[in-house]
Number of protein chains: 2
Amino acid sequence: MYEGPVQDLIDELGKLPGVGPKSAQRIAFHLLSVEPSEIQRLENALERVRDGVQFCVVCGTVSDKEYCRICADPRRDRTVICVVEEPKDVQAVERTREFKGRYHVLGGALDPLSGIGPDQLRIRELLGRIANQEDGVDVSEVIIATDPNTEGEATATYLVRMLRDFPGLTVSRLASGLPMGGDLEFADELTLGRALSGRRTL
Amino acid sequence: MYEGPVQDLIDELGKLPGVGPKSAQRIAFHLLSVEPSEIQRLENALERVRDGVQFCVVCGTVSDKEYCRICADPRRDRTVICVVEEPKDVQAVERTREFKGRYHVLGGALDPLSGIGPDQLRIRELLGRIANQEDGVDVSEVIIATDPNTEGEATATYLVRMLRDFPGLTVSRLASGLPMGGDLEFADELTLGRALSGRRTL
């Protein structure tokens, strides 16, 4: 619709997730009105990510060093590993300030239809961490924090089977139930069913 | 929250209009998973816009040549000028396929509190176009299509005063009223008031 570079930019922005044609247009015209140095900063940030992002050699989350901040922190409990799908899930658990252990990022969830089997995920690395006693400390618990959807549940089931062979290892899964601050009336049947079957005696 | 280049990219994306922290994170992780060439294309598009975008010397809309497609088109009616605030408004009017004249982009609307007076808008250029008879053709009508908000209305009022001096020039304003497909019940008082005062005899 527009001519030349502006339309090209709108097209490229429109390919980003969650950016529709209207937002792409809005962002493009915003960028037309800002200082060139501001666009330059965005370009530089894109270029650095394009050049390649480093991942922590232990847990696999994004990192700017060999070991991420969490894995490098001696105060974190090495006996507990929280297994998540993606680096953003690490941040979600960190925000709770409830977890003092370390993480393991799988890089996704089992999804055979999309060609993602156990070998595409960092499952071997997880088993290695448990078998090899990181820094001479035994891992005593693995918390499986994959998403509560079909793929995440399948991954959790698979992991439970793989981890059964380690004697003395506790394997747990995040609780499913009603979200806090939610309304029972509006909960879907699956969530309410989970909340019922997982009820706690008071 | 994240380390290194990923967080920098999230920060830069979060500065864009309509992109919150969650969307910025989503876009950044999306870009981590795509081909580097795709990021490169976005960078190139940004760079070309940063290098400067050309504006049509006649109407002031974004263009990749001296004259935009509309101003260069001999089939467009040179006797009618539609005055809009921004280039995206040109596209909005074009989408109606109802207007066959040419445009004039003001580059904003009068907003004294933000320091935008008549000299910050392309009003002098508009008066020049009308006074100088583009290509020897008299302009017979100016349609003021500024936004139906405080600034747009003030700009329209100002333009009407400036254009009064041209003999034989019709100055019109887009109709205000109920949006098509809307619901009378949910119209705000201002819109419904405009619809009433602008009612048409059938």
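Inter-chain neighbour count for A:54-64: the average number of beta-carbon atoms from partner chains within 10 Å of each residue's beta-carbon is 3. Working note: Cα gyration tensor of the stretch B:42-166, eigenvalues times five, square-rooted, sorted largest first, giving semi-axes of 23, 20, 14 Å. Within chain A, which is the longest segment that contains none of the trypsin sites (Lys or Arg not before Pro) sitting in a DSSP loop with at most 13 other Cβ atoms within 10 Å? Answer - A:101-163. Mean partner shielding of peptide A:24-33, defined as the number of other chain Cβ atoms within 10 Å of each residue Cβ, is 5. Enclosing the Cα atoms of the protein assembly as shown in their convex hull gives a volume equal to 234 cubic angstrom per residue.
Taking every residue in B:7-20 and counting other chain Cβ atoms within 10 Å of its Cβ, the average works out to 6. Relative to the other identical copies, A:Lys22 shows label-point distances of 1.8 nm, where the label point lies 7 Å from Cα along the Cβ direction and values run shortest first. Its alpha carbons considered, the stretch B:5-50 gives a radius of gyration followed by a Dmax of 10.7, 28 Å.
For the protein assembly as shown, the Cβ-based charge dipole about the Cα centre amounts to some 420 debye (Lys, Arg positive; Asp, Glu negative; other atoms uncharged). Rounded to the nearest 20 debye, the dipole size of the stretch B:132-199 about its Cα centre is 280 debye, using +1 on the Cβ of Lys and Arg and -1 on the Cβ of Asp and Glu. Return the whole-Å distance between the Cα centroid of the stretch A:123-202 and the Cα centroid of the stretch B:124-164. So the two Cα centres are separated by 67 Å. Only lysine pairs 8 or more places apart or on separate chains count here, and in the protein assembly as shown those with Cα atoms under 22 Å apart total 16. Exposed loop GluC sites (Glu not before Pro) only (DSSP loop, at most 13 other Cβ atoms within 10 Å): please give the longest stretch of chain B free of them, not including the sites. By the stated rule (loop sites, at most 13 other Cβ atoms within 10 Å), B:99-202.
Among complete DSSP H helices in chain B, none has alpha-carbon atoms stretching at least 24 Å along the helix's long axis together with a mean Kyte-Doolittle hydropathy reaching 1.6. State the dimensionless ratio Rg/Rh of the stretch A:115-181 (Rg: radius of gyration of Cα atoms; Rh: Kirkwood radius). Result for the stretch A:115-181 is an Rg/Rh of 1.01.
Laboratory data are not the source of any read-out in this text; all were calculated from the coordinates shown. Just so it is clear, the model here is predicted, and its values are computed rather than measured. Virtual Cβ from ideal backbone geometry, glycine too; neighbours counted across all protein chains shown.
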